[in-house]
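Okay, structure first, notes after.
Since every read-out is calculated from the coordinates, none of them should be taken as a lab result. Values in this document were obtained by computation on a predicted structure and should not be read as measured data. Note: ideal-geometry Cβ built from the backbone for every residue, glycine included; neighbour counts use all protein chains shown.
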Amino acid sequence: MGKTKLKVRLLEHTPNPEKLVAMAARLCYSPAKIDDLAENVAENDQQAFVKKLLDMGHYSAVEHVSFTFGIEGVSRSLLAQITRHRIASFSVKSQRYVGETRELNAQGTFEYIIPETIAGLGPEAVAEFEEQMAQIQKWYDGWVAKLGGGRGAYEDARFVLPNAAETKIVVTMNARELRHFFTLRCCQRAQWEIRRLAEEMLQLAKAVAPVLFTDAGPECLTGPCPEGKLSCGQRTEVRKRYGIN
Ligand SMILES: Cc1cc2nc3c(=O)[nH]c(=O)nc-3n(C[C@H](O)[C@H](O)[C@H](O)COP(=O)(O)OP(=O)(O)OC[C@H]3O[C@@H](n4cnc5c(N)ncnc54)[C@H](O)[C@@H]3O)c2cc1C
């Protein structure tokens, strides 16, 4: 069995993120010198300052702080989506250098993600999906052998691997990009896997910078639904889930 589950960790973040944002903002709105910026940005002031900045839409000050997440147990399908976010930095497990042969995987097949919809169809559907993954493993192993084995072979043998194949990602985003990412990907209309990831990332970011991310999440938390006719129609429920009436 090569099934795997989502795991997200906040690996690093800018220390005192809200203090730094408040310092950058203070530079904009006062004659303070660089050496004096940290003065008078006590915790209470910081929070009020950061909130005011966000309300004003003065987002450049928010770009000074960044958050780095380690992610595993996600599909290559998710990878295609998350890497569309251009204002982020990524490191991804390489399918050129890291082989997926049967011998290299303790569980006997490459790791993969089973969509909940398929799992929801019951054990027979899961067994069918697993058989398909096992078949792909055979095809992959066959091509690795035919192409001479090792790293030189992984590069092209990987062409038969599916979107379900698991990957690992380290991603860094600044807080402005992260807020934008949450707007798009926490939305009910986002695909389930990236939405689940975004929701976990939001919880982790909120734990260290509660004010910066207080209103972060799908766009319907702060305004009308942008999806028009494609709206999920669950604005009230979504807002309630985020603790907004
Ligand atoms: C529900 C959903 C469905 C989607 N469906 C599809 C689909 O069918 N096909 C598809 O190809 N993609 C699809 N996407 C991906 C989408 O089009 C974006 O590529 C992705 O969400 C990244 O968003 P972004 O460009 O705003 O973000 P980022 O790349 O993170 O950029 C952040 C912001 O920076 C600014 N920016 C960045 N680069 C530029 C630039 N070159 N020029 C001007 N401004 C820039 C923009 O304001 C942008 O919003 C979908 C996304 C979602 C959420």
In nm, spacing of pseudo-spin labels at N163 and E128 (7 Å Cα→C-beta vector)
1.8
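Report the extension gain between R102 and K206 in nm, rounded to one decimal, defined as 0.36 nm multiplied by the number of residues separating them, less their alpha carbon distance. Spell out each step's value before the answer.
On the way: separation 104, 0.36 × 104 = 37.44 nm, distance 4.00 nm.
Difference between extended and current length: 33.4 nm.
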Antiparallel bridges, percent of DSSP beta bridges restricted to the chain (to nearest 5):
95
Rounded to two decimals, what is Rg over Rh for the stretch 96-164 when you use alpha-carbon atoms and the Kirkwood radius?
1.03
Across A165, A48, A88, the residue with the highest GNM fluctuation in the chain (Cα network, 10 Å cutoff) is A48
Report P(r) for the chain: all Cα-Cα distances, bin width 10 Å, range 0 to the bin holding the largest distance, values in whole percent.
7, 26, 27, 21, 12, 6, 1
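For the pairs K138/K168; K19/K52; K33/K206; K3/K168, flag any whose C-alpha to C-alpha distance is greater than 19 Å. List each step's numbers first, then the result.
On the way: K138/K168 23 Å; K19/K52 14 Å; K33/K206 30 Å; K3/K168 14 Å.
Result: K138/K168; K33/K206 exceed 19 Å.
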Largest first and rounded to whole Å, the semi-axes √(5λ) derived from the alpha carbon gyration tensor of the stretch 61-121 read 29, 18, 10
Exposure proxy check: T236, T167 ranked by fewest other beta carbons within 10 Å?
T236, T167
Least to most buried among I118, I34, I82 (fewest other Cβ within 10 Å first)
I34, I118, I82
Given the -39500 (n - 2.57) contribution per DSSP H run of 4+ residues, what per-residue ellipticity at 222 nm results for the chain, rounded to the nearest 500 deg cm²/dmol?
-13000 deg cm²/dmol
Pairs of alpha-carbon atoms within less than 8 angstrom and 6+ residues apart define the contacts here; what relative contact order does the stretch 96-164 have, in percent?
42
Residues in the stretch 213-242, backbone N under 20 Å from the label point at Y59 (7 Å along the Cα-to-beta-carbon vector): list them, ranges by number please.
213-228
Mind sorting C225, C232 by how few other Cβ atoms lie within 10 Å of their own Cβ, fewest first?
C232, C225
